[in-house]
Structure formats: structure tokens, C-alpha cells
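**Q** Structure below; questions to follow.
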Amino acid sequence: MNWDQVEGKWKQMKGSVKQQWGKLTDDDLDIIAGKKDELVGKIQERYGISKEKAEQQLKDWVAVNPASEKADLGREKKAS
């Protein structure tokens with residue numbers, strides 16, 4: 001998965017983001033609205049870590065997150 005996929009499916013991805021970074025609030029997620037730089041900034045702010053560490057956490061999460069595929073499967077079943 002790449003960031004364009006995350007941004008395009010932000011509403012579906014918010015739950016997974018909240019699971020990974022539980023200190024982010026619903027308001028934070030609404031403000032972030034799929035913008036990568038906003039998410040990195042909020043992770044830095046809430047967890048008190050460097051930009052580099054926040055970017056690495058995000059990169060790792062994007063690389064292994066299967067949630068977008070599940071969202072697609074659910075949508076395909078409904079369309080059938």
C-alpha cells in the first residue's frame with residue numbers, strides 16, 4: 001500500500017490509524033484528513049518523538065497495513 005491509497009481511503013483507514021497511534025483524537029484524525037505531513041506532525045506532537053521517528057513509524061505502518069484491501073473487499077461484496 002502507498003500513501004495515495006491511504007489518503008484516498010482515509011475514512012476507512014482512520015480506525016487503523018487510531019489503533020496504531022491511540023493518543024490521536026477523533027478531532028486530530030478529522031484535521032489530518034489523510035494528509036501525510038499532518039499525520040507525521042500529530043504523531044510527533046502526541047508522542048514527543050522526532051520527525052524522523054514519526055516518519056519511520058508511518059512508513060512501517062503503511063508497508064504492513066492490510067486495512068485498505070479489506071475495505072475494498074467489503075465494497076465489492078456490497079456492489080454484487
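Read-outs: derived from the displayed coordinates by stated rules, not from any lab. Remember, it's a predicted structure, so these values are computed and weren't measured experimentally. No Cβ is skipped: glycine too gets one built from the backbone with ideal geometry, and neighbour counts run over all protein chains shown.
**Q** Assign one of three labels to the range 1-68, namely rounded, prolate or oblate, based on the Cα gyration tensor with a ≥ b ≥ c the square roots of its eigenvalues; rounded applies when a/c is under 1.5, prolate when it is not and a/b is larger than b/c, and oblate otherwise.
**A** Oblate.
**Q** Okay, moving on. What full-extension length gain, to one decimal in nm, is calculated for residue 27 and residue 50 as 0.36 nm per residue of separation minus the Cα-Cα distance?
**A** 6.1 nm
**Q** Still on this structure, I have one more. Just subtract the alpha-carbon distance of residue 38 and residue 62 from 0.36 nm times their residue separation and send over the number in nm, one decimal.
**A** 7.1 nm
**Q** What trypsin sites (Lys or Arg not before Pro) in the range 1-45 are in a loop by DSSP, with at most 16 other Cβ atoms within 10 Å of the Cβ?
**A** When the trypsin sites (Lys or Arg not before Pro) of the range 1-45 are filtered for loop state and at most 16 Cβ neighbours within 10 Å, 23, 35 remain.
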